[in-house]
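Novice: Quick one: the structure is below, questions incoming.
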Amino acid sequence: MSKLWGGRFTKKTDQLVEEYTASILFDKELAEEDIQGSLAHVTMLGKCGIIPQEDAAKIQEGLRQVLDRIRSGGLTFSVEDEDIHMNIEKALIETIGPVGGKLHTGRSRNDQVATDMHLYLRRRVIEFVGLLDKLQEALLEQARANLDTIVPGYTHLQRAQPILFAHHLMAYVSMFQRDIERLQDSYKRINVLPLGAGALAGTTFPIDRHFVAEQLGFDGVYENSLDAVSDRDFIVEFLANASLIMTHLSRFCEELVLWSSTEFAFIELDDAFCTGSSIMPQKKNPDVAELVRGKTGRVYGNLVGLLTVLKALPLAYNKDMQEDKEGMFDTVKTLQGALQLFAPMVTTMKVNKNRMRQAVNQDFSNATDIADFLVNKGLPFREAHEIIGKTVLYCIQQGKYLLDLSLDEFRQFSPLFDEGIYPVLQPEQVVNARNVYGGTASAQVEAAVGRAEQKRGETTAWLERYESAGL
């Protein structure tokens, strides 16, 4: 069978050109979306009287048969037919005869592929919101179990101030909440229908774009036909959102790798999420965390790649835009794998509370509280800062920690010290003294957990709304 577009051509396409320009090897991922869009389109063609209703019904039945063949693995895709659209249309014509050629009335592959990708990403955004919600659930479960676990807080990877481990975990809950909200906001721009824009200028047929949008569950249609076929902002936005999600996962992975080392020993990852060494029998490697951290780079690359493709492209459609798909599919697969693994890895993580407490007792992370103690006695903070700096230096030289010092030793540095300094230096007091909104005090962290649970309820409602619509 000749090319479906071959009427104007007098020579066969060079085999190397066919192989180089074909996209079927990767855009077959859009098969279900392509048929979903075609079913809505042909329903509209029949409704508007553009093709006879009996032809529309025959095409609908043929499309369903083709879909069954795809799902069962019975349809072989061909590079000669270039892309998923031509492969499906050819299979349709082979199934129901020449009437299948009426399906493409009033549309172009340009608006068709854009529609497919809107449908594809819409479904993925819902999936990723659900996976992030499950990750938040795992983090909140660990946070509730560690509301009394104190761990060193770090800046510059140097011990800074003691915090609740639950407070540390809640920082990631907040990051993933922003990721959820970004995905939800992007849904508004994904859920817009480009179909009906034709190749670039619309169509001469009296189509009903809003009817198709309603059939497919879109909130609206593109206002401008040129924009409809050339817009890839929604994919760029998804890739940017995915990059931020991977950034947050990667930061957490770095801490999991550090915390599970012998040097830290704050946590132990479950055996199911680690691997061993082929030569060193004692090894337990945090490979999942390392690989998620490593795969973050490829997601960044996909974002930069598409931005580079789109740079300086004139309106409307250009073949360059075929390069929008492989990076998108790769990012979806990469992010999907990372999120599916992360929640159970966090859930099964064992927390070494005693080791964390030991670390807190053997550092100077309570030094700021001594300075605050002197400030409350009327000393300017800058003077107090200098006094405590000298006190810490003395401790280092003597091989002691602040709680080891006698009152006489404290008074070497300031006569304002009294017995009240010792309760101030206790890790629990240091933590609970920061009783401000968003702080690490137990009451504040418990309140933060409650607020996060409330937001999860809102996420659940959002998911139910779109999942119930069958999108």
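Novice: Measuring from centroid to centroid over Cα atoms, what is the spacing of the range 116-160 and the range 210-235 in Å?
Specialist: 32
Novice: Loop only by DSSP, 11 or fewer other Cβ within 10 Å of the Cβ. Give me the GluC sites (Glu not before Pro) in the range 153-231 that pass, ordered by residue number.
Specialist: Of the GluC sites (Glu not before Pro), the ones in loops of the range 153-231 whose Cβ has at most 11 other Cβ atoms within 10 Å are GLU223.
Novice: If I model a spin label as a point 7 Å beyond the Cα along the Cα-Cβ vector, how far apart are those points for ASP68 and LYS28 in nm?
Specialist: Result: 2.1 nm between the two label points.
Novice: So, one more: Please order THR203, THR348, THR391 by the number of other Cβ within 10 Å, starting at the fewest.
Specialist: Ranked by crowding around the Cβ, least crowded first: THR348, THR203, THR391.
Novice: Need one number for the range 394-454: average projected area of the convex hull over its C-alpha atoms, nm².
Specialist: Taking a quarter of the hull surface, the average projection is 5.4 nm².
Novice: Put a dot 7 Å past each Cα toward the Cβ at GLU54 and THR13; how far apart are the dots in nm?
Specialist: With each label point 7 Å from Cα toward Cβ, the separation is 3.5 nm.
Novice: Which residues in the range 178-209 place their backbone N less than 20 Å from a point set 7 Å from the Cα of ASP233 along the Cα-to-Cβ direction?
Specialist: From the range 178-209, the list is 181-198, 200-202.
Novice: Give me the tail of P(r) for the range 366-432 as a percent: Cα-Cα pairs with distance above 15 Å.
Specialist: 46
Novice: Right, here's the next one. For the range 252-332, which GluC sites (Glu not before Pro) pass both filters: DSSP loop (anything but H, G, I, E, B) and at most 16 other C-beta atoms within 10 Å?
Specialist: Listed in order of number, the matching sites are GLU263.
Novice: Along the charge dipole of the range 366-432, which of GLN426, PHE381, ILE370 sits closest to the positive end, that is, farthest toward it, with unit charges on the beta carbon of Lys, Arg, Asp and Glu (+1, +1, -1, -1)?
Specialist: PHE381
Novice: With each run of n ≥ 4 DSSP H residues scored as -39500 (n - 2.57), what mean residue ellipticity at 222 nm is computed for the chain after dividing by its residue count and rounding to the nearest 500 deg cm²/dmol?
Specialist: So the calculated ellipticity at 222 nm is -20500 deg cm²/dmol.
Novice: For the range 6-146, just list the percent of Cα-Cα distances falling in each 10 Å bin from zero outward, please.
Specialist: All Cα pairs, binned at 10 Å, distribute as 11, 33, 29, 14, 8, 5, 1, 0 percent.
Novice: I need to check one value: relative contact order of the range 6-105, counting alpha carbon pairs closer than 8 Å and at least 6 residues apart, in percent.
Specialist: In percent, rounded to a whole number, it is 37.
Novice: Here's something else I'd like to know. Using a Debye calculation, one point per C-alpha and no hydration shell, please list log10 I(q)/I(0) for the chain at q = 0.08, 0.10, 0.12 Å⁻¹ in order.
Specialist: Values returned for q = 0.08, 0.10, 0.12 Å⁻¹ are -0.64, -0.85, -1.05.
Novice: Would you please give the FRET efficiency between ASP363 and GLU94, computed as 1/(1 + (r/R0)^6) with r the Cβ-Cβ distance and R0 = 60 Å, to the nearest 0.05?
Specialist: 0.25
Novice: Moving on. Hey, any idea what Rg/Rh is for the range 289-425, computing Rh the Kirkwood way over Cα pairs?
Specialist: Here the Rg-to-Rh quotient is 1.36.
Novice: Applying the Karplus parametrisation 6.51 cos²θ - 1.76 cosθ + 1.60 with θ = phi - 60° to the phi angles of the range 229-237, what ³J(HN,Hα) value in whole Hz is obtained for each residue in order, glycine and proline being reported as x?
Specialist: Working through the residues one at a time gives 8, 9, 6, 10, 4, 5, 6, 4, 4 Hz.
Novice: Further, regarding this structure: What whole-number distance in Å separates the alpha-carbon centres of the range 342-388 and the range 279-304?
Specialist: Here the answer is 31 Å between Cα centres.
Novice: Before anything else, pin down the relative contact order of the range 366-432: Cα pairs under 8 Å, at least 6 apart, normalised by residue count, whole percent.
Specialist: In percent, rounded to a whole number, it is 39.
Novice: Based on the alpha carbons, how large is the Rg to Rh ratio for the range 123-244 when Rh follows Kirkwood?
Specialist: On the Cα set of the range 123-244, Rg over Rh gives 1.23.
Novice: While we're here: Can you list residues whose amide H is under 5 Å from LEU193's amide H, if they're 5+ apart or on another chain and H is modeled 1.01 Å from N?
Specialist: GLY220, VAL221, TYR222
Novice: Which whole-number percent of Cα pairs in the range 177-274 have a distance greater than 21 Å?
Specialist: The answer is 56 percent, as a whole percent.
Rule-based calculations on the coordinates, nothing more; no lab input. For clarity, every value in this text was computed on a predicted model and none was experimentally measured. Because the Cβ atoms are built from the backbone with ideal geometry, glycine has one as well, and the counts that use them run over all protein chains shown.
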